[in-house]
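**Q** The structure that follows is given in the form of structure tokens.
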Amino acid sequence: MRKLVYYVGISLDGYIAGPGGEWDFYPISDAMATWMNERYPDTIPTHVRPHVGLENAANLAFDTAVMGRGTYEPALAVGITSPYAHLRQYVVSTTLGEIADPAVDLVAGDPLDLVRELKAQEGMDIWLTGGGKLAGTLLPEIDELIIKRYPVVAGTGIPAFDGPFLPTQFTPTRTESFDNGASVTWLSRTPAA
């Protein structure tokens, strides 16, 4: 069965972005950028891929992206209606109204139902791109976390998980560190006892 994987960058104090959606405060080194491009080319936006030598790169981990409105809107703000055209794209929003691009599906209903349906289909894993509210809602269905932890404190912003109190245990399976002080940790949902 496919997994729902939350692959995301997080500050030391648990924020995925600043209060205005900023993420440019994360210190990314050349070595870490190369690693991300090689290991997870699927997560590089389609319009960026030619600039980093990935225009013909195959998807290695994901074939589907699920995102909230706040994750989708920065692309719309610069005229990009299909930010991950190399993936099946779903935008979860009850307020967006419509999406003009047929390559992007708007989901106004329960995102848990969507994810359960996607998991039952054949294919690669499903990438939960963000944001924090959607991650909080989908927590019961998240199978794996891939956390890029950056050595910076944001102070405030968009939390990695913004939802009800629902303690959920994950087990770290490995960690890689980079020259900029950042690390990536893979965590799998701990099976219920």
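**Q** Residues of segment 17-71 being of a type in the set (Gly, Ala, Ser), within 23 Å of Tyr90 (Cβ to Cβ) and surrounded by 14 or more Cβ atoms within 10 Å (Cβ to Cβ), which ones?
**A** Restricting attention to segment 17-71, the residues satisfying the condition of being of a type in the set (Gly, Ala, Ser) are 17-18, 20-21, 29, 31, 33, 53, 57-58, 61, 65, 68, 70.
From the residues that got through so far, the ones that are within 23 Å of Tyr90 (Cβ to Cβ) too are 17, 21, 57-58, 61, 65, 68, 70.
Selection gives Ala17, Gly21, Ala57, Ala61, Ala65, Gly68, Gly70.
**Q** Has segment 122-138 got any residue that is over 17 Å from the mean Cα position of the chain (by Cα), within 17 Å of Ala65 (Cα to Cα) and modelled with pLDDT of 95 or more? Can you show your working first?
**A** First pass over segment 122-138, keeping only residues over 17 Å from the mean Cα position of the chain (by Cα): 122-123.
Imposing the further condition that a residue be within 17 Å of Ala65 (Cα to Cα) reduces the set to 122-123.
From what is left, the residues that are modelled with pLDDT of 95 or more are 122-123.
For segment 122-138, residues over 17 Å from the mean Cα position of the chain (by Cα), within 17 Å of Ala65 (Cα to Cα) and modelled with pLDDT of 95 or more: present.
Conditions tested, residue by residue: (1) surrounded by 14 or more Cβ atoms within 10 Å (Cβ to Cβ); (2) of a type outside the set (A, V, I, L, M, F, W, C); (3) on the phi > 0 side of the Ramachandran plot; (4) touching a residue at least 40 places away in the same chain (Cβ under 8 Å).
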position: Gly136; (1), (2), (3), (4): yes, yes, no, no
position: Ile147; (1), (2), (3), (4): yes, no, no, yes
position: Pro167; (1), (2), (3), (4): no, yes, no, no
position: Asp179; (1), (2), (3), (4): no, yes, no, yes
position: Ser183; (1), (2), (3), (4): yes, yes, no, no
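**Q** Residues that are over 22 Å from Ala103 (Cα atoms) and touching a residue at least 40 places away in the same chain (Cβ under 8 Å): which strands (runs of 3 or more DSSP E) entirely in segment 1-84 hold 3 or more of them? Can you show your working first?
**A** Working: elements: 4-10, 15-17, 62-68.
Answer list for segment 1-84: 4-10, 15-17.
**Q** Also: Do we have Leu96 as of a type in the set (A, V, I, L, M, F, W, C), assigned to a helix (DSSP H, G or I) and more than 15 Å from the chain's Cα centre (by Cα) here? Steps first, please.
**A** On the way: of a type in the set (A, V, I, L, M, F, W, C): yes; assigned to a helix (DSSP H, G or I): no; more than 15 Å from the chain's Cα centre (by Cα): yes.
No.
**Q** Out of the residues in segment 100-121 that are over 18 Å from the mean Cα position of the chain (by Cα) and in contact (Cβ under 8 Å) with a residue 24 or more places away in the chain, state the one that is surrounded by the most Cβ atoms within 10 Å (Cβ to Cβ). Working first, answer last.
**A** Taking segment 100-121 as the starting set, the residues that turn out to be over 18 Å from the mean Cα position of the chain (by Cα) are 100-103, 108-110, 113, 117, 120-121.
Subsequent filtering for residues that are in contact (Cβ under 8 Å) with a residue 24 or more places away in the chain retains 120-121.
Details: Ala120: 9, Gln121: 12.
Filtering segment 100-121 for residues that are over 18 Å from the mean Cα position of the chain (by Cα) and in contact (Cβ under 8 Å) with a residue 24 or more places away in the chain, the one surrounded by the most Cβ atoms within 10 Å (Cβ to Cβ) comes out as Gln121.
**Q** Against the condition surrounded by fewer than 18 Cβ atoms within 10 Å (Cβ to Cβ), outside any helix (DSSP H, G or I) and of a type outside the set (S, T, N, Q), how does Pro140 come out, does it pass? Can you show your working first?
**A** Numbers: surrounded by fewer than 18 Cβ atoms within 10 Å (Cβ to Cβ): yes; outside any helix (DSSP H, G or I): no; of a type outside the set (S, T, N, Q): yes.
When the stated conditions are applied, Pro140 does not pass them.
The values are calculated or read from the model by the stated rules, or taken from the named source; none is laboratory data. On a predicted model such as this, the values are computed, not experimentally measured, just so you know. Because the Cβ atoms are built from the backbone with ideal geometry, glycine has one as well, and the counts that use them run over all protein chains shown.
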